[in-house]
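The block underneath contains the structure these notes are about, expressed in structure tokens.
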Amino acid sequence: MEKTGLDRRDTDLRVPGGAVSGMCLLLGASGVGKTLLVKRLQKLCSRDGEGDLGDPPPTRPTVGTDLTDIMAPRKITIRELGGCMGPIWSSYYGNCHSLLFMMDASNPTQLSASCVQLLGLLSAEQLAKASVLILFNKIDLPCYMTMEEIQSLLRLPDIVACAKQNITIAEISARKGTGLAGVLHWLQDQHRTRG
């Protein structure tokens, strides 16, 4: 399986080959920016990936689950689960084709706890064939950790090397829009019908 490490300057997260359609799960701790990511991806799709995204829309913490369709140009359904639902995330793994796992790159303490969640996800049998995009959000904040610091703290290369899944890594800013075009391309590639 191909395993790719990318930095925030990479805008093309395309994965070779087609993929069968299915649900995309969006998971991560509370407050990492999952809802803002979904809203920004919707806006990016409506602009055909062009132009300024404008000011970030207001968001509220997700309580429970939200289903959002992204038209990119095919419909991709993203199921966002609130961070507080972590203990029951496994109830939603069925029909999961791809997984977006979001972490807050500006919060080292939360990064460590998120790593434990990530290890649980990667070891789940129902997610063994899901493609995974690990997103390190909030790189626009002055206190964010660099990818080198994150890799050292989490031993990320070891996690990627031992995982069954195809894993891609990206640094983004959902607030500023940095890296979101690459996330959209990755989603499109993962949910493209084999032709």
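The values are calculated or read from the model by the stated rules, or taken from the named source; none is laboratory data. Keep in mind it's a predicted model, so treat the numbers as computed, not measured. Positions of Cβ are backbone-derived with ideal geometry, glycine not excepted, and every protein chain shown enters the neighbour counts. With ligands, DNA and RNA removed, areas are computed over all heavy atoms of the protein, side chains included. Shrake-Rupley method; radii C 1.70, N 1.55, O 1.52, S 1.80 Å.
Picking from residues in segment 108-136 that are free of Cβ contacts under 8 Å to residues at least 24 places away in the same chain and of a type outside the set (Val, Ile, Thr), the one that is least open to solvent (accessible area, probe 1.4 Å) is Gly120. Of all residues in segment 149-195, those satisfying the criterion of being more than 17 Å from the chain's Cα centre (by Cα) and among the small types (Gly, Ala, Ser) are Ser152, Ala161, Gly195. The residue pairs whose first member lies in segment 71-86 and is free of Cβ contacts under 8 Å to residues at least 12 places away in the same chain, whose second member is assigned to a strand (DSSP E or B) and exposed (fewer than 15 other Cβ atoms within 10 Å of the Cβ), and whose beta carbons are closer than 7 Å, counting only pairs six or more residues apart or on different chains, are Lys75/Asp69.
Applying the criterion of being at pLDDT below 95, among the basic types (Lys, Arg) and not in a loop (DSSP other than H, G, I, E, B) to the residues of segment 1-44, the residue that is surrounded by the most Cβ atoms within 10 Å (Cβ to Cβ) is Arg40.
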